[in-house]
1. Of ILE80, PRO104, ALA143, whose Cα points farthest to the positive end of the dipole of the range 59-147 (charges on the beta-carbon: +1 Lys, Arg; -1 Asp, Glu; origin at the Cα centre)?
2. Which of the lysines could a cross-linker bridge to LYS230, judged by Cα under 24 Å and excluding same-chain residues fewer than eight apart?
3. If you average the C-alpha positions of the range 120-144 and of the range 91-117 separately, how far apart do those two centres end up, in angstrom?
4. Put ILE201, ILE63 in order of accessible area, largest first, 1.4 Å probe: what do you get?
5. Give or take rounding to whole Å, what are the principal axis extents of the alpha carbon atoms in the range 279-362, in descending order?
6. Can you compute the equivalent ellipsoid semi-axes for the range 96-183, i.e. the square root of 5 times each eigenvalue of the Cα gyration tensor, sorted largest first and rounded to whole Å?
7. Taking the alpha-carbon centroid of each part, what is the distance from the range 156-181 to the range 318-340 in angstrom?
Amino acid sequence: MQRLVPVPDGPRAHPGCREGSRQARQTRQARCRKVSRNLPAPAGRALQPLLPVIHDVAREGGIRPERPIAVSSIAATFGITASPVSAAMAAMIVMFDGDGWDLPRIMAVAVPVTLLGVLVAAGVQSRVGKELGQDAEHLRRLAAGEIEAPAPAEAAPPLRPRARWSAYLFLGGTVAVVLSGLFPALRPETAKGPLSMPATIEILMMAVAALILLLCKVDAKRIPGTDVAKSGLVAVIGVFGLSWLGLSFIGANEARITGALGGVAQDHPWFFAIMLLLLSALLFSQATTTKALMPLGLALGIPAPLLIAMWPAVNGYFLLPTYGTFIAAINFDRTGTTRVGRFVVNHSFMLPGLVTTCVAVSTGFVLVQIV
């Protein structure tokens, strides 16, 4: 039996019924916005510095780079809904704490289902595609001289002087980013509160890059000609163009889309998971999708445990390969194995993303009955 939930400055009513539901949802959304502004959101962009490393290690080991790159990108995406410090988690706590779903209880569901989903996806992904030595695109690029064959381990050149320093500096910058996310008090104060995490990441990593240039005697003239720099510049252009296009479309049609799908979800609650998956592909944000659609699920009368179980579906922006992390992953894979197919949706991230989503949501339906 669902109990009445007290809502500040509003009537005592469950969000799924009674006249006070609309005011209750508005109050919860306002609290979500207030809390999420003060919490960092770990993003898939944290994976981007590691993509060249994943690519090179896989290629030198004769492994098709698409396999680890694709599943790593999906793991970084789903990590948002398993993080206790993300804005999406903040929104969930505010909306469901009154129903008995506090942070430890939500984490007890989100973390295991995410881990299991990624592990199953990794197992499936390990069998995707031809081996690297048999891939037609990789062989074509080798023959055309677009890429060089990986050097044998014994022929690898020695590290440049102070190369270790650069690795330690980069690691220190990464630790600083993590600590800044966990402890907002470490970030400079602005008129709107602590400095945002995207700006903090940019400042810290640019500072690390400057220190590497100054202390490690790097030849700055060679940087623009490296494969990583070229791939990164292409990815930046793609991120700005495609992300702007997607956000413009959903911004102009958000009310129309949610209204049409909401009626179907009211008749068939399981469809709400598909609704989360589809709309998150257009909203490009787990937090935005959570704050926009979870109140709708409550208003439709879907029980809170089912909404918790379906929550991993808000990671569905892998459906369209227009998110920055996926664009960067495609460009960093110089072998051409990580790609977008002729029909756009048949891209390298679709299979691991769908596997992770299906496993996480289906496992969640079972786990919410136990937790």
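1. ALA143
2. Straight-distance partners of LYS230: LYS217, LYS221.
3. Computed from Cα coordinates, the inter-centre distance equals 37 Å.
4. On the way: ILE201 45, ILE63 80 Å².
Largest accessible area first, the residues go ILE63, ILE201.
5. Here the spans come out as 48, 23, 20 Å, largest first.
6. Numbers: eigenvalues 332, 144, 22 Å².
Computed over the range 96-183, the values are 41, 27, 11 Å.
7. 25 Å
The values are calculated or read from the model by the stated rules, or taken from the named source; none is laboratory data. Bear in mind the structure is a predicted one, so any value in this text is a computation, not a measurement. As a convention, Cβ positions derive from the backbone with ideal geometry for all residues, glycine included, and neighbour counts pool all protein chains shown. Side chains included, ligands, DNA and RNA excluded: accessible areas come from the protein's heavy atoms. Shrake-Rupley method; radii C 1.70, N 1.55, O 1.52, S 1.80 Å.
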